Amino acid sequence: MLSVVDEALTDERQDGTRPGNEPSMIPGTSILPGGAPSIARLDGVTKYYGKVTALDQIHLDIRAGEVVGLLGPNGAGKTTAIHLLLGLLRPTTGMTSTLGHEPWSMAARTRTGAMLQIAKVPDTLTVREHVELTASYYPASPPVQETLAHAGLTGLETRLFGRLSGGQKQRLMFALAICGGPELLFLDEPTVGLDVEARRELWQCIRRMADAGRTVLLTTHHLEEADALASRIVVIDHGRVVAEGTPEQIKRHAVGSHIRCTTRIEEATAAGWPGVSSVERSGATLRLVADQAEPVVRRLLDLDAELADLEVKSAGLEEALVSLTHGNDNTSEEVIA
Amino acid sequence: MNAATESLNAPDSSSAPVFHRRAPRRRYLRIFGLETRAELMKMVRMPAFVVPAFAFPLMFYALFGLAFGRGQEIGPVTMLGYLLATYGAFGVIGANLFSFGVGIAVERGQGWMLLKRAMPLPPLIHFLARMVVGMVFSLLILVGLFALGGFFGGVALPLPAWVKLAAWLTVGGLPFAAFGLFFGYLCGPNSAPAVINLLYLPLSFASGLWMPYEVLPGFFKALAPWLPAFHLAQQGLGIVGAETHASWTQSIVYLSAFTVVSLVAGIAAYRRDQESWG
Amino acid sequence: MKTKEIVIAVLLATGLVTFFLLLPRPAPVAQAADDTFPTHLLFEGVRLFDGERLHESMDVLVEGETIAAIAPHLAPPSGTKVVDGRGKTLLPGLIDAHTHTWGDALERALHFGVTTEIDMFTDAASAAEVRAQQKRGEAHGRADLVSAGTLVTAPGGHGTEYGIAIPTLDDPAGADAFVADRLAEGSDFIKIVYGEAGGHWPTLDAATLGAVITAAHEREALAVVHVSNREAARTALDLGADGLVHIWSDRPPDDEILALAAKHGAFVIPTLSVIAMMAGQPNLTALDEDPALAAYITPAEAGTLTQTIAGLPLRAERLEVARQATVALAEAGVPILAGTDAPNPGTAHGASLHGELSLLVEAGLTPTAALAAATSVPARAFGLDDRGRVASGLRADLVLVDGDPTQDIRRTRHIVGIWKAGRAVERRRGDADLADRASAPDVAVFARFDDGELDAAYGHGWQSTTDGMMGGQSTVTLELVSPGAAGSVGALSLRGSIRAGFPFPWAGGMIFPGAEPMTPVDFSSKQEVVFLARGDGASYRLMLFAESLGQIPASASFTAGEVWAEHRISLRDLAKDLRGVWGLAFAAGPSQGDFELMIDQVSIQ
């Protein structure tokens, strides 16, 4: 099934290699062909929880300076991947490394920061106390005030965690992740449960870190988020990588455009056109899905001058994911079994 | 996977998150200070947790000592002096069980302990800080009890005995911190308070912390010397001048053994907890 | 931030230290006794009787447990507690040379300045325990014990009648082993009971007495002999007895026996207190009415002091004979030792030694000789060389009295202070225990026997009581019978038989008003016992057991006839002090035979 992905990525990867397959002599510092140094990796990692396979022979490389969006539905293995790279879990088989060290080593942990999917930190400590305490764990932490500014928490120093709004709480979690001045930042579903406003504020904070050259691995099933933040997206499902590329590549190659109009053109006619992947009619309305909207729209207008209510929508990552993971159904059943 | 990668990923003690060999000691000292302050502030600002653990021993003492125990004597000491030692033990055990047991279980449930594990915080520093807070909490309870007994209950002891009683109970409460650690990692956040209370209250009774050992029913009399709380209380009783039913050596040996068993069980539960988080 | 935290920490630490400093500590008096012992104690300008003679004004310095120095003027080391001795007399701690130390005898004795009791028979095991505690220095709150342990007597002889099993001796052949056993048990000396053949009690024969004395001497133990008549005394002295523990009181002394005693260097403990009782004059010197003593005498002691032995034929002339003999012996140079035979009827531990001193003086001894008889003389006689005198290096067993007992012997009763081994003795008032004593409940009806249970309105319920505890043979069965008196459901039936075996046989039903058997209850609010009785026409007794009656109950008799009849018995007539009632009994005896008594509707009102 990975052939689908390969096909989608051919223009980027002429040599056809899959990322993360190279055996590295020095863990975590291997130079990938045509890329920056890898600073964290899962190399052929499988993780079982009892009989359940969370990750299945996965390869993942994080390169210095990039923002990787790890994308997938719930239960895909995103959190497991982050916990492995943070050393909170040990792989069942395979190798993990973070910043050239074992992820659970002090050496790795002093240079990483993490925002995990947790309910809360203690309500009864103030913002400053939380950040100050966490920053003390790190040998090279920036001034607390700077961290607070980065996380948009200036002015809230003396407020108890329990008194913060939802967005402020998440930003404090973010502050805890960055307060040690990490080179590598893990953000596990950073904006889950936030409203649009709060989400955008946190995005800005994340972007600032990315702009400052920090490497970020973020998981989300909120795909707009990956689109907005990531320089590279890795789509995983059922413990396997199912697609990988820039947000544009994923969008463009995975599904294409949705076209809707009121027309007399026959379904069968449209289905024969190049690039059209599906045609569907309900009453007077015809729905098409095409790789590229423009040639199809041109043909539609040419054939039916009376065509009305034309609507063209570029597929979001939601659709991309549905499509990609749908195509993986067979595989996933095997994996789960 | 081949043997090489297996061994690379196998748990390795040299890189486990404990004190590093070339640990920057000053930084660890600062972490310890801030960690202790944070634990203290949490306690100070969380009356819902602190008040019951603080109030129960004082309330029991006021009721069974000040209200009903006046003028009574148990062997060579007054009831009020006697109960000072036993409710002191009761309070100190509670402070440690709740600080370690319930405290850890609840914060594990919230995920904070997981987040801390992802950070370069040596877990030993965290547990030491909790231990200090348990001791401070114990001392506060003892100050409250001593004030009641000394200023309202007519209990008079030589200064060294007051200090010795406070010191013994505060330090002697630490084995129960280890016991709490075990339950903190064994129990879920919701079941922890119930489980710990189910152990704490009956064991306190059976160890003669509520009713003097002398008047315990026969079955409990036979059972008590096998319970750690009994030994904590007995040596406290010795300090206030009451008759004791265990020697210092017996009690120290027993409590040490109890500490070791609790720590081993606690560490096992801690390890298990690390492995089960996904 | 940093400084703020340091300031807070310092403030908290200071607060904690202050708190601990403010916590109450034991009163300094108690602390002085506990913490600052050994202490220096100086009696300044005190009249001193050193056990042998009087010194008008002396300074006596005590260091720790020991008398350190005696001189007209001493410069005390700093920190010395000074006791003003002007107008007072310092005596060695008193020694009672004839006692039986059951129960709290030693504690009681110390309250009256008796720091050593020489015991003529007690339970050997408990004596051993007491000795062990003395050796460990754990006997501060009571008098020291020097004890014969088990006495030597013939099977069934005097000493076997108290209900505790003791070994006895048959013949001379067993004497050595018997003595060895006593010494192995820890006996400090050997006491032998010897009477005249054909007397009230079976007795050892002279040969066996001689063998025991010889055996004791061979084992370097003192052998003292209990005698009650002159010829027995003569035999004992002749056989080498080291001392007689009673004076004879049957016949006046003759020159021969005086010479015999003097020649053998034997000592005599007259025990005039108990002989006065046997002469029908218990408490001859009215100890419980002396204000100087009364406050420290307990109701129980007051009770025993005025008692005589029930059924004992009292012969008034005994006391006069005993006095004559005592003085004659003293004049012949025989050491006289003060001893009380407490706790026999007519005596009490401690208090009676002051009575004995008075009796010795009344008999004709000088007060100084009487004081010596309670201090240096018994110490020397029993080889207690660490006490009995006030001399440097001896144990600081001391009694300070107001006035001069060498002029008026009754001044020994005016005790200002008592020190045992240098430690001040705290004297408890005799009625101290009465304060927290339970009062009898304010209900009149005590038992109706109508609900099928043998119970009572309060107290520990009904128990059978017989002379079996004293070795008697009488029996009794208590059961509920139906119907009871006046149409009631039930009554209590007491059936049994009074048999020979104990001199004063009894059997019946007993009630204890306290929650535990023998716990005294204050019955001051009660006047009389009212009950219905019927029976076989014989005479029965209601017996009252109270502290103020000592060990001997008071009783009133009633006749139980064929028909139910009401009886009212006034408790006030049985005992004037009802504050410590611990038992009531309906009993048959002492006349022998089968009996059958029913009682019902018992009220105590």
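Pop out the ³J(HN,Hα) list for region C:112-127 in order, Karplus 6.51 cos²θ - 1.76 cosθ + 1.60 with θ = phi - 60°, rounded to Hz; leave Gly and Pro as x.
10, x, 7, 9, 9, 10, 9, 9, 9, 3, 8, 5, 4, 5, 6, 4
Take chain B, mark every one of the trypsin sites (Lys or Arg not before Pro) that falls in a DSSP loop and has at most 15 other Cβ within 10 Å, then report the longest stretch left between them, sites excluded. All intermediate terms of the calculation are to be shown ahead of the outcome.
On the way: sites that count: B:Arg21, B:Arg22, B:Arg70.
With trypsin sites (Lys or Arg not before Pro) excluded where exposed in loops, chain B gives B:71-278 as its longest stretch.
Calculate the spin-label point distance for C:Asp176 paired with C:Asp442, positioning each point 7 Å from the Cα along the beta-carbon direction, and give it in nanometres.
Each label point lies 7 Å from its Cα, and together they span 7.3 nm.
Quote the charge dipole size of region A:2-252 about the Cα centre in Debye, to the nearest 20; the model charges only the Cβ of Lys and Arg (+1) and of Asp and Glu (-1). All intermediate terms of the calculation are to be shown ahead of the outcome.
Working: 25 positive and 29 negative charges, 124 e Å.
It works out to roughly 600 debye.
Rounded to the nearest 500, what is chain C's calculated 222 nm mean residue ellipticity when only DSSP H runs of at least 4 contribute -39500 (n - 2.57) each, over all residues?
Numbers: 16 runs with 153 residues, N = 605.
When only DSSP H runs of four or more count, the value is -7500 deg cm²/dmol.
May I ask for the distance between the Cα centers of region B:171-220 and region B:227-262, given as a whole number of Å?
Going from one Cα centre to the other spans 15 Å.
Build a GNM of chain B with springs between Cα atoms under 10 Å: which of B:Val195, B:Val215, B:Val264 gets the top mean-square fluctuation?
Looking only at B:Val195, B:Val215, B:Val264, the biggest GNM fluctuation is shown by B:Val215.
Taking Cα pairs under 8 Å and at least six residues apart, what relative contact order does chain C come out at, in percent?
Relative contact order comes out at 12 percent.
Evaluate E = 1/(1 + (r/R0)^6) for C:Ala486 and C:Glu453, where r is the Cβ-Cβ distance and R0 equals 22 Å; express this FRET efficiency to the nearest 0.05.
0.65
At C:Ser557 and C:Ala286, where each label point lies 7 Å from the Cα along Cα→Cβ, what is the point-to-point distance in nanometres?
Taking the two extended label points, one gets 3.3 nm.
Mean residue ellipticity at 222 nm from the helices of chain B, using -39,500 (n - 2.57) per DSSP H segment of n ≥ 4 over the full residue count, to the nearest 500 deg cm²/dmol? Walk me through the intermediate numbers first.
Working: 13 runs with 190 residues, N = 278.
Computed mean residue ellipticity for chain B: -22000 deg cm²/dmol.
With an 8 Å Cα cut-off and a minimum separation of 6 or more residues, compute the relative contact order for region C:96-385 in percent.
Details: 596 pairs, mean separation 50.9, N = 290.
Taking the mean separation of contacting Cα pairs over the length of region C:96-385, I get 18 percent.
Give the average, rounded to an integer, of partner chain Cβ atoms located within 10 angstrom of each Cβ in B:109-116.
Values: counts 3, 6, 6, 6, 1, 7, 12, 5.
What the average comes to for B:109-116 is 6.
If the reach is capped at under 30 angstrom between alpha carbons, list the lysines near C:Lys526, excluding any in the same chain fewer than eight residues apart.
Answer for C:Lys526, where 30 Å is the Cα cut-off: C:Lys576, listed by chain and number.
Enumerate the amide H contacts of C:Ser539 below 5 Å, restricted to partners 5 or more residues apart or on another chain; note that Pro and chain-start residues carry no placed amide H.
Correct list: empty.
Report the number of Lys pairs in region A:2-252 whose alpha-carbons are under 24 Å apart, with separation of 8 or more residues or on distinct chains. Mind showing how you got there, number by number?
Details: A:Lys47/A:Lys78; A:Lys51/A:Lys78; A:Lys78/A:Lys120; A:Lys78/A:Lys169; A:Lys78/A:Lys251; A:Lys120/A:Lys169.
Taking region A:2-252 as the scope, the lysine pair count is 6.
If I model a spin label at C:Glu566 and C:Leu21 as a point 7 Å from the Cα along the Cα→Cβ vector, what separation in nanometres do I get?
Each label point is offset 7 Å from its Cα along the Cβ direction, giving 7.5 nm.
Starting from the Cα of C:Lys135, draw a straight line to each of the lysines and keep only those under 29 Å, dropping any in the same chain fewer than 8 residues away.
Output for C:Lys135: C:Lys81, C:Lys191, C:Lys420.
Amide H of C:Leu239 versus every other amide H placed in the peptide plane: which residues, excluding those fewer than 5 positions away on the same chain, fall under 5 Å?
Excluding prolines and chain starts, which carry no amide H, there are no hits.
If the cut-off is 25 Å between C-alpha atoms, which lysines fall inside it for C:Lys2, apart from same-chain ones fewer than 8 positions away?
Excluding near neighbours in sequence, the set is B:Lys42, B:Lys116.
What ³J(HN,Hα) values, in whole Hz, does the Karplus curve 6.51 cos²θ - 1.76 cosθ + 1.60 give for region C:321-327 when θ = phi - 60°, with x put for Gly and Pro?
3J(HN,Hα) across region C:321-327, in whole Hz: 4, 4, 4, 4, 4, 4, 5.
Roughly what % of DSSP beta bridges within chain C run antiparallel, to the nearest 5? Numbers along the way, then the final one.
Working: 75 of 101 bridges.
Restricted to chain C, the bridges split so that about 75 percent are antiparallel.
Identify, among C:Ala491, B:Ser138, C:Ala332, the residue whose Cα sits farthest towards the positive end of the charge dipole of the protein assembly as shown, taking +1 on the Cβ of Lys and Arg and -1 on the Cβ of Asp and Glu, with the dipole about the Cα centre.
Farthest along the dipole direction, towards plus: B:Ser138.
Rank C:Gln133, A:Ala36, C:Gly417 by how far each Cα sits towards the positive end of the charge dipole of the protein assembly as shown (+1 on Lys, Arg Cβ; -1 on Asp, Glu Cβ) and give me just the farthest.
With unit charges placed on the Cβ atoms, the residue in question is A:Ala36.
From Cα pairs below 8 angstrom and at least 6 apart in sequence, can you work out the relative contact order of region B:27-276, rounded to a whole percent? Intermediate results must be reported in sequence, preceding the final value.
Details: 325 pairs, mean separation 66.0, N = 250.
For region B:27-276, the relative contact order is 26 percent.
In debye, nearest 20, what is the charge dipole magnitude of the protein assembly as shown about its Cα centre with +1 on Lys and Arg Cβ and -1 on Asp and Glu Cβ, if you could check?
Details: 96 positive and 131 negative charges, 876 e Å.
Taking the Cα centre of the protein assembly as shown as origin, the dipole is about 4200 debye.
Report, by chain and number, residues whose modeled amide H sits under 5 Å from the one on C:Val521, excluding near sequence neighbours (fewer than 5 apart, same chain).
When sequence neighbours closer than 5 places are left aside, the close amide H contacts are C:Val581, C:Trp582.
With θ set to phi - 60° and the Karplus curve 6.51 cos²θ - 1.76 cosθ + 1.60, what are the ³J(HN,Hα) couplings of region A:215-222 in order, to the nearest whole Hz, using x for Gly and Pro?
8, 10, 10, 10, 9, 6, 10, 8
What FRET efficiency comes out for the pair C:Glu220/A:Thr93, r = Cβ-Cβ distance, R0 = 56 Å, nearest 0.05?
On the way: r = 93 Å, r/R0 = 1.66.
Plugging the Cβ-Cβ distance into 1/(1 + (r/R0)^6) gives 0.05.
Calculate how many DSSP beta bridges within the protein assembly as shown are antiparallel, expressed in % of all such bridges and rounded to the nearest 5. Don't jump to the answer; show the numbers that get you there.
Values: 116 of 160 bridges.
Here the antiparallel bridges make up roughly 70 percent for the protein assembly as shown.
Apply the Kirkwood formula to chain C: the hydrodynamic radius equals the inverse of the mean of 1/r over all pairs of different alpha-carbon atoms; give it in Å with one decimal.
Details: mean 1/r = 0.0374 Å⁻¹.
Here the Kirkwood hydrodynamic radius works out to 26.8 Å.
In debye to the nearest 20, how big a dipole does region C:96-385 give about its Cα centre with +1 on each Lys and Arg Cβ and -1 on each Asp and Glu Cβ? Before the final figure, lay out the partial values.
Numbers: 16 positive and 38 negative charges, 44 e Å.
Roughly 220 debye, rounded to the nearest 20.
Every number in this text was worked out from the coordinates using simple rules, so none of it is lab data. Since this is a predicted model, take the numbers as computed values, not measurements. Neighbour counts run over all protein chains shown; Cβ positions are idealised from the backbone, glycine included.
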